[in-house]
């Protein structure tokens, strides 16, 4: 039985889906998390605790583990673990993307530099220290611009500014986000800088893909029907198949392939974000991992295999029967947090599930837990899933279901 080391942060939503995929494929899964698991002493061959930020210690621990329990592949589920997965794979002599390429996907400024050098359309960007004087920088900008941390995901800390006053306010707000203890823990050096880039107008899409020996296979293109024009960039709706013209979709795929080549990514899942306007597609993000949250539940391939099954099969070099997405339209709504506070109650779940086309409603934040909206927040209230004959039907079902939900949130003070 093949054995896969799964690097999964404690805060990840993906454990259930990967475990189910491994069981279906008869794969021996070793779950490595950044916090000690209760049953680790009982199942020492199935669980590991690793400090994802102390890469040297983590690699040494995995090497020792692999002597007793040989590993056939290493898979990272989330952004926090992708570089460590590449480093461990290299140490064990397993297939992996170049470490420097994976690292580039986690540094937005480095990503912009590599794409620009390769003439892949991407926003113009400059990097500033948090100690710089924002009033001085603001006067030199051509607006609108977008300010963001270089190392955070899920739109955390991403703010649009249309003038010098908004620039200064955004700069100061991001400095406070970067001073958060958890953010500092994830990268003290990265938390000392703020990226400022040109705002790219247009519609936004996400491309889910699989790289095989450098060649990109597009698994799905998701439309994002809600405009993402700021001041914050909270993603809500993902709907596939895309309703964009075929020529535009082809340009999206070609641009993403060029971006992967420019970065040096050659193997495994990728998740890309692009903006499209009259000048064509612009690459905003490329991540060396699959889609975030539990959004992958919108996707089924061939005779019904999940994205997680496909990722595990690819990692183990098991032939994949089909990369073709099933025909029905599908989509997900990442339920936004309307205000900060403490979640007291959720009502209307039954009514939301009763909307035609709705496949499920999953609330991820428990009652009495703190909720934080963007740009400071990094989590969603939950997810709504839908399927239908056409993308328009899926979008309508998701919107109607969301209208049925009521969230009681009280002040945390």
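The values are calculated or read from the model by the stated rules, or taken from the named source; none is laboratory data. Quick caveat, the model's predicted, so the values are computed rather than measured. Methodologically, a virtual Cβ is constructed for each residue, glycine included, from the backbone with ideal geometry; neighbour enumeration extends over all protein chains shown.
The sole residue among 401, 351 that is in contact with a helix residue (DSSP H, G or I) (Cβ under 6 Å, 6 or more places away or on another chain) and buried (at least 18 other Cβ atoms within 10 Å of the Cβ) is 401. For segment 164-179, the count of residues that are farther than 22 Å from residue 379 by Cα, modelled with pLDDT under 95 and over 21 Å from the mean Cα position of the chain (by Cα) is zero. Screening the candidates 344, 394, 361, 332 for the property of being over 21 Å from residue 293 (Cα atoms), at pLDDT 95 or above and in contact with a strand residue (DSSP E or B) (Cβ under 8 Å, 6 or more places away or on another chain) yields one hit, 344. Listed by first and then second residue, the pairs with beta-carbon distance under 6 Å, at least 6 apart or on different chains, first residue in segment 19-41 and farther than 21 Å from residue 307 by Cβ, second at pLDDT below 95 and not in a strand (DSSP E or B), are 34/9; 34/10; 34/52; 35/10. The single condition among (1) farther than 30 Å from residue 277 by Cβ; (2) assigned by TED's automatic domain parsing to the domain that holds residue 166; (3) touching a helix residue (DSSP H, G or I) at 6+ places or on another chain (Cβ under 8 Å) that residue 136 does not satisfy is (3).
Restrict the check to segment 40-60 and report whether at least one residue is at pLDDT 95 or above and closer than 30 Å to residue 366 by Cβ. Scanning segment 40-60, I find at least one residue that is at pLDDT 95 or above and closer than 30 Å to residue 366 by Cβ, so the answer is yes.
Restricting to segment 90-123, count the residues that are within 30 Å of residue 67 (Cα to Cα), buried (at least 22 other Cβ atoms within 10 Å of the Cβ) and in contact with a strand residue (DSSP E or B) (Cβ under 7 Å, 6 or more places away or on another chain).
Of all residues in segment 90-123, those within 30 Å of residue 67 (Cα to Cα) come to 90-103.
Still in the list and also buried (at least 22 other Cβ atoms within 10 Å of the Cβ): 96-97, 102.
Filter once more, keeping what is in contact with a strand residue (DSSP E or B) (Cβ under 7 Å, 6 or more places away or on another chain): 97.
Result for segment 90-123: 1.
If a residue has to be part of a loop (DSSP other than H, G, I, E, B), within 24 Å of the chain's Cα centre (by Cα) and on the phi < 0 side of the Ramachandran plot to count, how many in segment 292-315 make the cut? Of the residues in that region, 5 qualify.
Mind telling me which of the residues 363, 318 ends up being within 30 Å of residue 158 (Cβ to Cβ) and either over 19 Å from the mean Cα position of the chain (by Cα) or without any contact (Cβ under 8 Å) to a residue 60 or more places away in the chain (or both)?
The unique qualifying residue is 363.
Picking from residues in segment 272-291 that are assigned to a loop (DSSP other than H, G, I, E, B) and under 22 Å from residue 100 (Cα atoms), the one that is farthest from the chain's Cα centre (by Cα) is 288. Between 167, 128, the distinction of being in a strand (DSSP E or B), in contact (Cβ under 8 Å) with a residue 12 or more places away in the chain, outside the structural domain of residue 51 (by TED's automatic domain parsing) and over 30 Å from residue 250 (Cα atoms) belongs to 128 only.
Scanning segment 263-280 for residues that are farther than 30 Å from residue 376 by Cβ, crowded, with 22+ Cβ neighbours inside 10 Å and not assigned by TED's automatic domain parsing to the domain that holds residue 7 turns up at least one hit. The conditions of being in a helix (DSSP H, G or I) and free of Cβ contacts under 8 Å to residues at least 12 places away in the same chain are not met by residue 83.
With respect to (1) in contact with a helix residue (DSSP H, G or I) (Cβ under 8 Å, 6 or more places away or on another chain); (2) in a loop (DSSP other than H, G, I, E, B), the lone exception for residue 269 is condition (2). Would you be able to say whether some residue in segment 186-202 is part of a loop (DSSP other than H, G, I, E, B), at pLDDT 95 or above and surrounded by 20 or more Cβ atoms within 10 Å (Cβ to Cβ)? Looking for residues that are part of a loop (DSSP other than H, G, I, E, B), at pLDDT 95 or above and surrounded by 20 or more Cβ atoms within 10 Å (Cβ to Cβ), one finds at least one in segment 186-202, hence yes. The condition (being touching a strand residue (DSSP E or B) at 6+ places or on another chain (Cβ under 7 Å) and at negative phi) is satisfied by just one residue among 180, 126: 126. Of all residues in segment 144-156, those being assigned to a loop (DSSP other than H, G, I, E, B), at pLDDT 95 or above and touching a helix residue (DSSP H, G or I) at 6+ places or on another chain (Cβ under 8 Å) number 2. The number of residues in segment 312-348 that are out of contact with any helix residue (DSSP H, G or I) (no Cβ under 8 Å at 6 or more places or on another chain) and under 30 Å from residue 2 (Cβ atoms) comes to 9.
Can you say whether residue 211 is at pLDDT 95 or above, closer than 23 Å to residue 162 by Cα and not in a helix (DSSP H, G or I), as far as the supplied structure shows? Spelling it out, it is not the case that residue 211 is at pLDDT 95 or above, closer than 23 Å to residue 162 by Cα and not in a helix (DSSP H, G or I).
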